[in-house]
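Here is the structure we will look at, set down as structure tokens.
Please treat every number below as a calculation from the coordinates, not as lab data. It should be emphasised that the depicted structure is a prediction, and the values quoted were computed from it without experimental measurement. Reconstructed Cβ throughout: ideal geometry from the backbone, glycine too, with neighbour counts over all protein chains shown.
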Amino acid sequence: MAPLVFLGNAELGIPALYLHDLTGTPNAERLLNISPTIHPESANVLPRLKQFAPTEYELFSEKNADKKSIPFKLITTSPTWNEARTTSFLAVSYCWHANDWTVVSRLFESVDPARWELPLSPPMISAILSLATCDDEGIWIDQICVNQSNEDEKKNAIENMDTIFRNARVVGISIEDVNISETQECALEIFSVTQESALETIFSHNLDEERRNKEEIQKAPKPITLGLVEDVVAAGQLERRHIGGLVSYINSFFCARWFSRAWCVHEYQLNSQRKFIIPGHDHKYITFDYSFFGDLYSEVENLFPRSLSDELCNHSGFLSFLWGPRLRTPDDSYTSSSIFEMCYLVENARCSRLEDKISIACNINGLPLRFNGSVSGRWECMKLLALLALSAGDASVLGCEGEPCECSKFSGHFSWLQWPGFRPGKGNDLRLVAENYAWTTLCSRYMQKMNAEHQIKSINEQSIMMDLLQFHGNLKEPTTTGYFRAANFIQRFGKLEQHLKSSDDDNHLKLAFQFGLHNIAHIVDFGYTWFLKSFRTMSRSFLDRVENIYERHSPLLEDVFNEGSDSFEMLFRANNGRPRQLSGEAPEQIAMYLSFMLLGLEAGDFIDNDDTDTMVVRGIRLGADHEFGIVYLDREYLARYSQGDDMILAIPAALNTPDAIGVKRVWVLQRLDGRSKSCSLIGKGYLIGSNAVPIDGDYVTYMTDVEIMGPRKEESSKESTSNKIMDMMDTS
């Protein structure tokens with residue numbers, strides 16, 4: 001007979017619970033038959049890591065793939081459960097109760113929390129039991145199913161969390177710290193799929209017959225399940241009066257502790273079937289699929305434009321969940337997604353042990369590695385995550401800009417590695433700002449993977465040695481003709497007046513207009529065909545968008561850009577018809593930015609609004625055969641670059657692809673002591689061009705084995721501020 005883990009509470013409708021150990025049995029192998037998804041570059045990670053950083057390589061080893069050694073126990077309501085009959089189990093993702101956060105008091109109104117034996121509140125236990133499809137389905141809850149006093153078992157379980165959560169039929173996500181008001185619940189209630197009480201399922205478990213009476217069931221607060229968003233909206237049941245309640249609850253919901261925890265990120269990313277469970281007000285609890293708020297957002301925005309986006313546009317948790325990397329599931333192809341994107345998400349979450357973040361990053365990126373080392377601080381955690389990404393062929397880490405991630409003890413320089421989220425001169429903001437979404441969604445999912453030609457030679461805490469492409473062409477402003485035609489285009493397009501009327505910030509409008517004017521002037525100088533060719537491989541949805549603009553305003557475009565329709569028609573009619581629409585948010589965000597670049601009226605997600613007053617737009621010749629590019633640099637970096645012969649403008653060989661449009665791949669470097677092979681990183685910027693940069697020996701030359709350090713430690717206060725912030729975050 002299986003050991004009893006909970007005696008049961010008939011008044012709460014919760015039966016006795018038993019723990020069954022399946023470790024090493026054929027039934028465990030059967031229930032854990034789906035292997036974790038393996039990244040196609042996983043076989044190259046350890047060899048590359050050994051080359052890049054031999055010391056850090058020693059901290060990793062291949063993970064044992066033997067499923068018989070995985071500690072695997074399940075909770076059921078039967079002491080004599082026949083494990084051979086079960087075909088599935090469900091896993092629970094939740095936050096462990098602790099003194100630094102508070103469970104909604106209503107969840108413990110019928111029982112003393114101090115005397116409660118289970119890791120979840122009574123309503124949440126009831127909800128989890130109701131998710132089971134039958135009495136034979138087991139439940140996995142880590143605090144119960146892993147012996148917390150056995151360190152070996154805990155370590156083994158942690159290493160194999162990916163296998164356990166990957167094989168669960170569904171992951172139930174318990175949110176216990178978000179209170180819901182009556183107004184908020186009424187707003188959500190209109191999306192209820194059913195008003196039937198799930199307590200009937202609970203009472204079907206091993207309870208005394210006398211407790212199974214209709215009166216008690218009807219007196220109990222009934223759970224509800226949310227869904228059918230499109231049907232509710234189509235039926236006209238959603239009214240503007242509901243919006244306030246929806247917005248206020250969404251704001252609260254995405255501030256829940258669960259969204260900030262690294263282990264919760266891990267559990268969520270490993271299974272595509274997820275169901276949230278939240279406390280109700282009049283209802284005992286409310287459940288809904290992970291896609292509910294995404295569907296709700298789309299439908300509400302269509303019905304009442306900007307009613308949600310205006311309120312939630314700065315909510316980092318909401319944005320990340322709806323459009324960020326949390327959209328990815330284990331079924332997505334790793335060939336079109338970014339390892340560094342997920343490393344950034346994990347690092348930004350909170351975890352009591354930094355070592356666990358390394359293990360989590362390996363698991364959710366499909367890297368079957370065991371981390372055997374220790375992590376002394378958050379700087380070191382960032383460095384290890386960046387090394388993993390680079391070793392897996394993801395070069396997007398090179399295109400990030402932020403506060404230097406580590407202060408070298410051996411030189412007068414900061415580290416070469418910079419981590420997004422730390423923005424020098426902007427308050428060391430730790431938020432997930434728009435610029436961070438840009439590099440993750442705009443480039444890293446669509447960038448080609450690194451190969452041997454990219455020649456990263458070595459990486460240590462103070463420098464990275466790699467090959468560069470150095471530019472020798474001058475950075476130039478647009479021609480007078482370009483400016484004239486660009487201004488004419490904006491005025492004749494008719495959008496400027498409309499934007500003037502809707503803007504309360506004249507200074508921002510002036511800056512945005514000036515920024516867009518420079519963009520369009522360069523496009524005019526290079527030719528509209530260059531503009532279209534520059535992005536034809538990046539975004540099919542953008543091509544569709546530009547095609548619509550062309551069809552409505554073709555005479556204007558042909559006149560202003562002084563080009564006929566032949567090249568345009570040829571581009572869009574290639575490949576036997578219209579380009580196929582790509583899925584995902586990155587093409588749409590690229591389209592947003594490029595429309596901004598074309599029209600010059602509003603900043604999209606690619607460049608933060610705050611950057612329009614500091615970013616400088618310059619054109620550069622990249623080759624003799626009419627190869628051009630547009631460079632975006634901070635004014636400070638441009639000024640430094642213009643100061644002397646010891647300055648270099650270059651891009652890493654690993655980022656020499658037009659698919660890297662979304663990262664800051666242009667590096668401003670300063671030679672150290674006149675040595676061209678040793679440089680200090682001054683700053684980074686964007687480069688837009690139609691093709692990979694050609695190496696012709698005149699406009700562009702190839703530099704091998706260049707050692708690059710971070711900026712000089714000229715401002716001790718910046719170092720001090722950064723370290724204080726990081727030290728504070730380490731203990732979170």
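Which shape class, rounded, prolate or oblate, goes with region 70-176 when its Cα gyration tensor gives a ≥ b ≥ c as root eigenvalues, a/c under 1.5 marks rounded, and past that a/b bigger than b/c marks prolate?
Verdict is oblate for region 70-176.
What ³J(HN,Hα) values, in whole Hz, does the Karplus curve 6.51 cos²θ - 1.76 cosθ + 1.60 give for region 87-92 when θ = phi - 60°, with x put for Gly and Pro?
10, 7, 8, 10, 10, 10
Let me know the shape class of region 29-129, please: from the alpha-carbon gyration tensor, a ≥ b ≥ c as square roots of the eigenvalues, rounded when a/c is under 1.5, otherwise prolate if a/b is greater than b/c, or oblate.
Note, shape of region 29-129 comes out oblate.
Any idea how far the Cα center of region 157-175 sits from the one of region 1-56, in Å?
About 7 Å separates the Cα centre of region 157-175 from the one of region 1-56.
Net charge near ALA127: determine it from the other residues with C-beta under 10 Å of the C-beta of ALA127, scoring Lys and Arg +1 and Asp and Glu -1.
Within the 10 Å Cβ shell, the charges total +2.
Using the Cα gyration tensor of region 107-147, with a ≥ b ≥ c the square roots of its eigenvalues, what is the shape: rounded (a/c below 1.5), prolate (a/b larger than b/c) or oblate (neither)? Mind showing how you got there, number by number?
Values: a/c = 3.32, a/b = 1.41, b/c = 2.35.
Cα axes put region 107-147 in the oblate bin.
Note down the net charge around ASP696, summing +1 for each Lys or Arg and -1 for each Asp or Glu among other residues with Cβ under 9 Å from its Cβ.
For residues surrounding ASP696, the net value is -3.
Please get the size of the charge dipole for region 114-173, origin at its Cα centre, with Cβ charges of +1 on Lys and Arg and -1 on Asp and Glu, quoted in debye to the nearest 20.
Computed charge dipole of region 114-173: roughly 200 debye.
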